[in-house]
Ligand SMILES: *Cc1c(COP(=O)(O)O)cnc(C)c1O
């Protein structure tokens, strides 16, 4: 017989197994179907997933690839980004955003972020466009779809690509009603297990409305082949496994309900933490809340995360270092002070647990632990 959990049960920062536990039977059946099929890479499962993902995303084409990182890489390559080119992007992201630009042979050119949303500031990005700019790569950080403002018109006027790192933002909509993947050249998704549509290993996708762009991503995914043993470009092995596709097909129909749960939990955090000595993330109907990130005055963050850990509550710092100050990008020649808004954010951000299976009572426990730490 089940006993009720003690109040101090550990609260993991993320819990993908709990989120998908209700789907255990359907997932096992899908996995067994793939095991029996004898087709383990691409094939009908991947094609079926691509159709369903494109439809759910409201775009014409979805191309399944091996990870979010490879989605970025294939997308940049399909946009023609290569040596000598510059790509304007945000310094506030997971390293893959900048890493993919460098791996494509190009130079990341950063612009500072909006102090409230922590997404790339579109006006700052416009100022960084120059004769070598081949693309702008925006990042929808923590699941908040950034307003593109004048960027689509500016990119169209220059004939350059407008790309989206939507690894954290599947299904997100901006304040003007634009969905991720609409009205841009392409968007990259990740199915890393703790993303909103998480797989059971690595996976990703490129979304686009452009048939020629989609065809190029499909070629790049298989070493630039346009037919058997006929290679027209240098691509890579960016293929999605049939097993991932089959399991993601089980999860995809549940994504709207999980997004609704994330929004409800985010609202509960916002209500519970109102008036506390921290800054809350802006409320926004179209945000899909991959992370719930608060900002605490720099001197108090370390203590807060220690006190959360002592109470058994997981938290994470996304991200402690802006991309322009990462050691691997030292060659770009940046120094502290180059992008003061993002540098300050990196000293203050703290992500609290947020995933669909999180109980309201657990959110309340996190809230009271945070409040107690900040008033002590
Ligand atoms: C997760 C993530 C990626 C990389 O995705 P992987 O599937 O882990 O390769 C890229 N950009 C951002 C913003 C991410 O959060």
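Each value in this text was obtained by applying a stated rule to the coordinates, not by laboratory testing. As the structure is a prediction and not an experimental result, all values here were calculated from the model. Using ideal geometry, Cβ is built from the backbone for each residue, glycine included, and neighbour counts are taken over all protein chains shown.
Taken together, 108, 83 contain a single residue that is in a loop (DSSP other than H, G, I, E, B) and either within 16 Å of the ligand (Cβ to nearest atom) or farther than 23 Å from residue 190 by Cβ (or both), which is 83. Looking for something away from the ligand (no atom under 12 Å from the Cβ) and assigned to a strand (DSSP E or B) - is there at least one such residue anywhere in the range 112-119? Within the range 112-119, one or more residues are away from the ligand (no atom under 12 Å from the Cβ) and assigned to a strand (DSSP E or B).
Scanning the range 49-80 for residues that are more than 16 Å from the ligand (Cβ to nearest atom) and under 27 Å from residue 286 (Cα atoms) returns 50, 51, 52, 54, 55, 56, 57, 58, 59, 60, 61. Residue count for the range 182-219 satisfying the condition of being away from the ligand (no atom under 15 Å from the Cβ) and either without any contact (Cβ under 8 Å) to a residue 12 or more places away in the chain or not in a helix (DSSP H, G or I) (or both): 9.
Out of 142, 94, report the one residue that is under 20 Å from residue 335 (Cα atoms), within 16 Å of the ligand (Cβ to nearest atom) and either touching a helix residue (DSSP H, G or I) at 6+ places or on another chain (Cβ under 6 Å) or touching a residue at least 60 places away in the same chain (Cβ under 8 Å) (or both). Reasoning before the result, please.
Numbers: 142 fails: under 20 Å from residue 335 (Cα atoms).
The match here is 94.
The residue that is nearest to residue 67 (Cα to Cα), counting only those in the range 285-306 that are away from the ligand (no atom under 16 Å from the Cβ) and buried (at least 18 other Cβ atoms within 10 Å of the Cβ), is 286. A single member of 53, 42, 23 is touching a residue at least 12 places away in the same chain (Cβ under 8 Å), surrounded by 18 or more Cβ atoms within 10 Å (Cβ to Cβ), touching a helix residue (DSSP H, G or I) at 6+ places or on another chain (Cβ under 8 Å) and on the phi < 0 side of the Ramachandran plot, and it is 53.
Residue 231 meets all of the listed conditions (1) touching a residue at least 24 places away in the same chain (Cβ under 8 Å); (2) more than 20 Å from the chain's Cα centre (by Cα) but one, namely (1).
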